[in-house]
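Next up is a structure, given as structure tokens.
The values are calculated or read from the model by the stated rules, or taken from the named source; none is laboratory data. Small disclaimer: the values here were computed from a predicted structure and weren't measured. Note that we place each Cβ from the backbone using ideal geometry, even for glycine, and neighbour counts take in every protein chain shown.
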């Protein structure tokens with residue numbers, strides 16, 4: 001009996017050991033599959049650290065496999081084929097719908113593709129491209145790619161393209177090149193650690209000298225030589241008029257907070273028919289739709305009639321490492337119909353620029369009186385470690401304001417003002 005029990009114990013131990021080995025093998029394979037990421041967008045920036053404020057060190061292209069080393073705030077730490085590493089926006093790597101400014105040669109993969117003036121199926125037709133035609137991708141936005149085909153700018157569905165194996169072509173010496181990013185630092189050596197001696201703006205011109213490693217040596221207007229990344233310049237002449245309409249925002253995360261909600265209705269109109277929480281939500285949703293159409297990564301603190309604790313609201317922004325946080329509210333005053341207009345609030349000095357930039361477009365876009373920007377000690381701003389503002393977009397107990405702020409047309413104007421403000425803020429405008 002003792003011998004049998006010993007045999008059974010040995011058998012069970014063997015099964016347990018085999019089970020553990022199988023588990024380890026399974027985990028190994030699962031981890032291996034998870035660690036390999038196939039890039040979906042046509043192009044994707046690789047940055048030194050997780051965040052848009054950090055410099056771009058490389059770009060990876062569609063169908064490239066990379067190794068994921070870590071994840072932080074939605075950004076993936078990846079290893080490239082040459083064993084260098086950097087960070088990419090995880091939400092872009094996976095969905096493949098939008099990407100940054102680039103200068104990427106690509107090939108048409110379908111028999112016929114219409115080049116359109118705008119990124120929409122009903123956009124004006126410019127020409128018809130044929131299979132295997134070579135074009136240059138400028139950027140990708142919501143499933144459409146802006147390209148240059150025979151010196152004509154236009155849009156095609158991004159799924160009709162594949163990156164060319166030839167890579168970015170080397171221009172002839174003295175070929176004019178134009179800056180295609182908001183700002184471009186010209187460096188003394190072909191190295192991100194080298195000193196930048198000049199910052200150029202979108203559309204400014206340099207002359208190509210030669211290619212060194214993964215850099216272009218260029219000559220600037222005063223005759224000095226320096227180095228820039230190839231994807232940051234274009235051989236096609238660019239105009240300021242087209243810039244803010246096409247600038248890609250896909251790497252930028254914006255948190256939108258619809259004030260109040262649930263058992264906290266906020267203020268109400270004089271007749272009691274509309275409460276603040278309803279208008280903040282519909283306004284935030286209008287802004288969300290506008291920003292998403294421009295490729296922004298948008299996070300809502302709430303998208304239904306629920307109450308979110310004030311401490312949790314700031315935490316959403318902090319945890320997402322948001323590039324901007326905007327809280328939407330509508331004001332009230334002790335005396336009905338005594339005050340009208342909009343106000344933009346900030347708490348930290350670092351947020352003054354964001355407040356002024358957004359308020360500039362609120363003032364020029366909305367029909368209500370603009371009361372400017374002011375300091376305010378609101379918890380959603382005070383606890384926020386990211387750039388943050390709070391917008392009071394009219395007075396609930398002003399009959400004049402209330403008649404306007406409930407309209408879809410007003411909320412759409414708010415959305416356009418916020419979008420323009422953010423684009424200018426992120427691009428140094």
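Going by what's in this entry, would residue 114 be described as more than 20 Å from residue 229 (Cβ to Cβ) and more than 20 Å from the chain's Cα centre (by Cα)?
yes
A further question on this structure: Does the stretch 214-228 include one or more residues that are over 28 Å from residue 57 (Cα atoms) and at pLDDT 95 or above?
no
Take the residues in the stretch 62-77 that are within 28 Å of residue 160 (Cα to Cα) and more than 19 Å from the chain's Cα centre (by Cα); name whichever of them is surrounded by the most Cβ atoms within 10 Å (Cβ to Cβ).
Among residues in the stretch 62-77 that are within 28 Å of residue 160 (Cα to Cα) and more than 19 Å from the chain's Cα centre (by Cα), the one surrounded by the most Cβ atoms within 10 Å (Cβ to Cβ) is 66.
Please go through the stretch 301-314 and pick out each residue that is out of contact with any helix residue (DSSP H, G or I) (no Cβ under 6 Å at 6 or more places or on another chain), in contact (Cβ under 8 Å) with a residue 12 or more places away in the chain and within 23 Å of residue 381 (Cβ to Cβ).
Residues satisfying the conditions are 302, 303, 306, 307, 308, 311.
Out of all the residues in the stretch 390-397, is one or more under 21 Å from the mean Cα position of the chain (by Cα) and either surrounded by fewer than 20 Cβ atoms within 10 Å (Cβ to Cβ) or farther than 29 Å from residue 334 by Cβ (or both)?
Within the stretch 390-397, none of the residues are under 21 Å from the mean Cα position of the chain (by Cα) and either surrounded by fewer than 20 Cβ atoms within 10 Å (Cβ to Cβ) or farther than 29 Å from residue 334 by Cβ (or both).
Still on this structure: Among residues belonging to the stretch 195-213 that are in a loop (DSSP other than H, G, I, E, B) and at pLDDT below 90, point out the one that is nearest to residue 228 (Cα to Cα).
Among residues in the stretch 195-213 that are in a loop (DSSP other than H, G, I, E, B) and at pLDDT below 90, the one nearest to residue 228 (Cα to Cα) is 213.
Kindly provide the set of residues from the stretch 92-125 that are assigned to a strand (DSSP E or B), surrounded by 13 or more Cβ atoms within 10 Å (Cβ to Cβ) and modelled with pLDDT of 95 or more, ordered by number.
106, 107, 108, 113, 114, 115, 116 - these are the residues of the stretch 92-125 that are assigned to a strand (DSSP E or B), surrounded by 13 or more Cβ atoms within 10 Å (Cβ to Cβ) and modelled with pLDDT of 95 or more.
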